[in-house]
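Working notes for the structure below.
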Amino acid sequence: MADKPQPHREKGTPPIMALADWLGDPVAPADFPKAELRWRNDRAAATIELDGVNDLEWLAHFGRFEALSDNLPTPLALRYHGHQFRVYNPDIGDGRGFLFAQRLDDSGRLLDLGTKGSGQTPYSRAGDGRLTLKGAVRELLATEMLQALGVDTSKTFSIVETGEELWRGDEPSPTRSAVLTRLSHGHVRIGTFQRLLAYDEPEHMRQLVDYCLTQFPGPPPPEDAPDRDDPAVQLLHQVVDRLADLAASWMVAGFVHGVLNTDNMNVSGESFDYGPWRWLPKWEPGFTAAYFDHAGLYAFGRQPEALGWNCAQLATALRLIAPSQGLIAALERFGTLYGDHLRRRWLWRLGLVARTQEQDAALIAACERQMREGGWQPDAFFFAHRGGRAQTPELQDIFRNYEAVDDAHPYWQDDAPQSMLIDEVEAIWSAIDERDDWQPLYDKVDALRRMGSAHGPAPQPAAQQR
């Protein structure tokens, strides 16, 4: 199945190959005892012309990782460093995954197919390079819920059970194993740039900046931004905008990622790398997802701060090739951009048409106050108040100034909204673990996609509309 032609590269030469000699290491996938297909995302596959692949071919590519035609001849384990809980670690990289392939989607964008649990690499250190089946199921649930709530996220493309017994300290062992394939716009991390700074590689840094500007295009910096013609400054403006939007989208979704290290930050702006995630049981800024986050560094309410801090680490790396004034100016936009994205997304989830900045800010503050004081679970709150159907006099006074969108989808007449609280996640996993019953998982995905259809796509910022 041939790729669509692409102006900036010759057919059969994935763009990442131009950087491969210093960006990653060729690796071989693990030889698993079995390959049993548990999930294939035909909705995502249709966007890259792989939905017509039969199950045997699918297992060959996404269970044994036989190369796709006109694509990477060998998977690449990518190299990067990163701050992990604000401590710099140079001894990381793709330790249980690799970049498997690149394909064009139906709008001409380049997408990556990357793995998790595909075996050991030079960066596995003491790890076994494997993924538990429960971890794969959890990632599928997280990505489907986030996509339904308008978050720019990687897609869970494939789950193949691999027949090994794994021992883990954070779940009952031995446990079942799997290999997962993700579809995303890119796998270039902030930590990728940090590694180039650590090794003082300015020319490679410039090449990586050019690659990102080409493959992840975005709006230009403001007209009055200093050094706006510098490529690295342009990239930082784009990443600051994307990560401010990502932080806002998580807050509106009531989602806690859990581990916001710089090696988990994709400069494409996508949410990815799902480990100890949770959805809020109630609106609580101090709620944490990772049991090991004792200081609450990545608590729900601190996620915008964490992503802003990560942007600053990218700026530090880019100082190797770019002027400081332009980089600082880009960083200073984070707070304003976050507020703009939060208002846009909050009003979208409520089903109301945005008004002025001051009015929208007052509405958000009132909603947060109602959730805190009333002990609301966020999904229940947004559902109950959709379209301005306020439950309290305070909100009625505010909502009457807003125009509601036309919500004809029957989802909005359901008795309760979809949510993704830990008890339901554990129940879905228990059905698989104890009875090999996958139907509750598939039913939940169907229900989440119905919710996503009811919401419709999240509106783009005016600067990004085409």
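Coordinate-derived values only; no laboratory data. Since we're looking at a predicted model, the values are computed, not measured. Glycine gets a Cβ as well: all are built from the backbone with ideal geometry, and neighbour counts include every protein chain shown.
Scanning the chain for chymotrypsin sites (Phe, Trp or Tyr not before Pro) lying in DSSP loops with no more than 16 further Cβ atoms inside 10 Å, the longest uninterrupted stretch between such sites is 293-437. By DSSP, the beta bridges lying fully in the chain are antiparallel in about 95 percent of cases. Is segment 93-168 rounded, prolate or oblate when judged by the Cα gyration tensor, a ≥ b ≥ c being the square roots of its eigenvalues, rounded requiring a/c under 1.5 and prolate requiring a/b larger than b/c? Oblate is the answer for segment 93-168, as a/c is 1.5 or above yet b/c matches or exceeds a/b. Less than 5 angstrom separates the built amide H of Leu111 from those of Arg103, Leu104, Asp105, all sequence-distant by 5 or more or on a different chain. Inverting the pair-averaged 1/r between distinct Cα atoms of segment 179-295 gives 16.0 Å as its Kirkwood hydrodynamic radius. Here is the list for segment 291-389: GluC sites (Glu not before Pro) lying in DSSP coil, each with at most 15 other C-beta atoms within 10 angstrom of its C-beta, are Glu332. Computed from backbone phi with θ = phi - 60° and the Karplus coefficients 6.51, -1.76 and 1.60, the 3J(HN,Hα) list for segment 214-224 is 6, 8, 10, x, x, x, x, x, x, 4, 9 Hz; x is used for glycine and proline.
Take the Cβ-Cβ distance between Thr356 and Asp406 as r, set R0 to 25 Å, and report the resulting FRET efficiency rounded to the nearest 0.05. According to the calculation, E is roughly 0.65.
Here's the picture: charge each Lys and Arg Cβ at +1 and each Asp and Glu Cβ at -1 in the chain, and of Thr143, Phe65, Ala244 the one pushed furthest to the positive end of that dipole is Ala244.
Residue-wise HN-Hα couplings along segment 94-110, as the Karplus relation 6.51 cos²θ - 1.76 cosθ + 1.60 with θ = phi - 60° gives them from phi, are 5, x, 8, x, 7, 7, 9, 6, 10, 9, 8, 8, 6, 10, x, 7, 7 Hz; Gly and Pro carry x.
The count of lysine pairs in the chain that are at least 8 places apart or cross chains, and whose C-alpha atoms lie under 23 Å apart, stands at 10.
Using the Cβ-Cβ distance between Ala198 and Asp443 with R0 set to 41 Å, the FRET efficiency works out to roughly 0.30. For Asn89, the residues whose modelled amide H falls within less than 5 Å of its own, excluding neighbours fewer than 5 places apart on the same chain, are Gly82, His83, Gln84. Net charge near Val259: determine it from the other residues with C-beta under 10 Å of the C-beta of Val259, scoring Lys and Arg +1 and Asp and Glu -1. With Lys, Arg at +1 and Asp, Glu at -1, the neighbours total -3.
From the largest down, the chain spans 62, 60, 46 angstrom on the principal axes of its Cα atoms.
Summing charges over all other residues whose Cβ lies under 14 Å from the Cβ of Arg369, with Lys and Arg as +1 and Asp and Glu as -1, gives -3.
Is the shape of segment 1-135 best called rounded, prolate or oblate, per the rule: a/c under 1.5 gives rounded, else a/b larger than b/c gives prolate, else oblate, with a ≥ b ≥ c the square roots of the Cα gyration tensor eigenvalues? Cα axes put segment 1-135 in the oblate bin.
Look at Leu68, Leu37 and count the other Cβ atoms within 10 Å of each Cβ; fewest to most, that gives Leu37, Leu68.
Within segment 143-250, the GluC sites (Glu not before Pro) that combine a DSSP coil assignment with at most 11 other C-beta atoms in a 10 angstrom radius are Glu223.
Each of Phe157, Leu78, Pro221 was placed along the dipole of the chain (beta-carbon charges, centred on the mean Cα), and the one lying farthest toward the positive end is Pro221. Charge dipole (Cα centre; +1 on Lys/Arg Cβ, -1 on Asp/Glu Cβ; no other charges) of the chain amounts to roughly 400 debye.
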